[in-house]
Each structure stands twice: as structure tokens, then as C-alpha cells.
1. Pairs only if they're at least six apart or on different chains, beta carbon under 7 angstrom, first in region 6-27 and more than 9 Å from Ser38 (Cα to Cα), second open to solvent by 90 Å² or more (accessible area, probe 1.4 Å) and not in a loop (DSSP other than H, G, I, E, B); list them, first residue then second.
Amino acid sequence: MTITATEFKTNLGKYLTLALHQDIYITKNGKKIAKLTSPTTDKAAVLDSLVGIIPADSDTDIREERLKRQ
């Protein structure tokens, strides 16, 4: 769900309740500025959804680039 910052401020309680069940993106001047999400999101499910998207060796590449910068 996407709402404006003004709508969010006006109906804060409503959106805090809705955030338990779905992510809420808050916009200002047409640009997304924040994401309100539940703190109890199933992190294992999120990780499972990323399997296959992120290459297995990407972690190694990141470490190598950090070492080069030092």
C-alpha cells in the first residue's frame, strides 16, 4: 500500500494497525520516503524468497572490493 505523508499523519493509528499485515510505503511529493513494516515479519520467509536471486559468490566479491579499498 502506498500513501502520502499527509494521509499517514492524519490517520497514524489506522496505518500502524495495517502495518501488522502489510507493508506501507509513505510518499512525499510523489517520491517514496519511508516504509512501515511489521517487526514480526518472518525473516526466514524473506530469505527463502531471495534464494536464487543473489549469486552464491556475491559475498566473496563484496569482501574483495572492501579489501581493495583499504
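1. Filtered contacts from region 6-27: Tyr25/Lys32; Tyr25/Lys35; Ile26/Ile33; Thr27/Ile33.
Here's the yes/no breakdown for (1) open to solvent by 70 Å² or more (accessible area, probe 1.4 Å); (2) touching a Gly at 6+ places or on another chain (Cβ under 6 Å); (3) assigned to a helix (DSSP H, G or I):
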position: Lys9; (1), (2), (3): yes, no, yes
position: Lys14; (1), (2), (3): yes, no, yes
position: Thr17; (1), (2), (3): yes, no, yes
position: Ile33; (1), (2), (3): yes, no, no
position: Ser38; (1), (2), (3): no, no, no
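The values are calculated or read from the model by the stated rules, or taken from the named source; none is laboratory data. All of these numbers come straight from a predicted model, not from anything done at the bench. All Cβ positions, glycine included, derive from the backbone under ideal geometry; neighbour counts span all protein chains shown. For the accessible areas, the whole protein counts, side chains as well, though only heavy atoms, and no ligand, DNA or RNA atoms are used. Shrake-Rupley method; radii C 1.70, N 1.55, O 1.52, S 1.80 Å.
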